[in-house]
Amino acid sequence: MSDSLKALLDLLDLEQIENDIFRGRSPEERRQRVFGGQVAGQALVAAGRTVPVNRPVHSLHAYFIRPGDPLVPIVYTVDRVRDGRSFTTRRVSAIQHGKAIFTLSASFQIVEDGPAHHAPMPDAPDPETLPDSLARLTPLFGEAGARAFVDRRPFDVRHATPLTWEAAKDPALASPESVVWLKVIGDLPDDPLLHVCLMTYASDMTLLDTVLLNHGLAWGDQRTMGASLDHAMWFHRPFRADDWLLYYQDTPFAGGARGLARGQVFTRSGELVVSVMQEGLIRVSDSGREG
C-alpha cells in the first residue's frame, strides 16, 4: 500500500466525538482550500457509520457551500432523516468556524432484486498499455514537478484522452470527452463502504477537467479558476476501488460561468457501477486574474 493511500485511509477514518457527530482533518500539506472529494468522502463515511451494514448506499447529492479551511478540523453532524423498511436517509453537514461548508444527503437501501440493464462500456485501451501519470506529466512539468504531483495521489490514474494541460498548448486536442482508468495504489480490505467512499473521493479528481478540456483551458494556466458547486452520485453495483475502473466523462453544457460534467464508472469486465454528475464554477480572465 502506498504512503499516499495510507494517508487517505487515515483521513477517512473519522473520529467519533458524540452520537452522530464526527471529526475529520485535512492533509498536512498546505492548500488554499480543502479538496472537494475529501470532504465528500468524509461526509459519506459519517453517514454510513450510522446505517446498518446490510444497507449499502445507492445515491448521494451534495452541495459545496464555502471553501474548506485545511488548517482546522471539519466537524460532521449527521441527521437521521428516515429509517424505513427498505430505505434509510441521512443528511450530513460539514462545519468549520461555526458555518456549514458542505452538505450531503445520502440514501441507503436493502439489497433487492429487480429488472436490470446498463449502458455499454465505451471502447478504451487497456490501462497497462497507457503511460502512468509520472510519464505523462514529466514532459509538461519536468520530472521534479510531475513527481511532486503524483506522489500526493493515492490513485494510479491513466488517461486514454488528452490532458487539459496538453489541450491548453495544442487547441486541436480539445475534446468534450475524457476517458480515464484509475485504481488505488495498494490492496484494500473487504469493506463496501470504504470502496464507495474512495470512489467518491476520486470522482472529483478529473470530472470538471472535462469542461476545461473542451475549451483548451487548464487549472494553473493563470487565467482559469473554478470550484465544485454540487455533486451527485448513484451507486449501482458493488465494486472494488483497488481494481481498475474506467471513468468515462463528458460535458453536455457550459455557460453562465458554470460547467456541467457527467461520468460513468465501469469495471474492467464492462459493468456500469457508478454514475456521476457535477456542476462547477468556471471563470476565465484574459488578464490572468479572477473575473
- Item | Where labels lie 7 Å past Cα in the beta-carbon direction, separation of residue 221 and residue 69 in nm | 3.4 nm
- Message: Given the DSSP H assignment, sum -39500 (n - 2.57) over each helix run of at least 4 residues in the chain and divide by its residue total; what's the result at 222 nm in deg cm²/dmol, nearest 500?
- Response: -7000 deg cm²/dmol
- Item | Charged-residue dipole, Cβ positions (Lys, Arg, Asp, Glu), the chain about Cα centre, Debye nearest 20 | 900 debye
- Item | Charge dipole magnitude, Cβ of K and R +1, D and E -1 - segment 236-276, Cα centre, debye nearest 20 | 120 debye
- Query: Only one of the listed values, (1) 18.6, 57; (2) 25.6, 108; (3) 22.5, 79, was derived from the coordinates as Rg and Dmax of the Cα atoms in Å; which label is it?
  - Reply: (1)
- Task: Could you state how much accessible area residue 286 has, in square angstrom rounded to the nearest 10, with a 1.4 Å probe and all protein chains kept in place?
- Result: 150 Å²
- Message: Quick check: Cα centre of segment 61-101 to Cα centre of segment 221-241, how many Å?
- Response: 17 Å
- Query: Charges only on Cβ, +1 for Lys and Arg, -1 for Asp and Glu: so what's the dipole of segment 132-275 about the Cα centre, in debye to the nearest 20?
  - Reply: 240 debye
- Given a Förster distance of 25 Å, the FRET efficiency implied by the Cβ-Cβ spacing of residue 126 and residue 152, rounded to the nearest 0.05, works out to 0.45
- Query: Of the accessible area of the chain, with the probe set at 1.4 angstrom, what percent is carbon plus sulfur?
  - Reply: 51 percent
- Rounded to the nearest whole Å², what accessible area per residue is found for segment 191-272 with the 1.4 Å probe? 36 Å²
- Item | Most to least packed among 256-262, 178-184, 65-71 [average Cβ atoms within 10 Å] | 178-184, 256-262, 65-71
- Task: Could you tell me the accessible area of residue 132 in Å² (1.4 Å probe, neighbours in place), rounded to the nearest ten?
- Result: 60 Å²
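The values are calculated or read from the model by the stated rules, or taken from the named source; none is laboratory data. Values in this document were obtained by computation on a predicted structure and should not be read as measured data. When we count neighbours, we look across all protein chains shown, and the Cβ atoms used for this are built from the backbone with ideal geometry, even at glycine. Note: accessible area is taken over every heavy atom of the protein model, side chains too, but ligands, DNA and RNA are not part of it. Shrake-Rupley method; radii C 1.70, N 1.55, O 1.52, S 1.80 Å.
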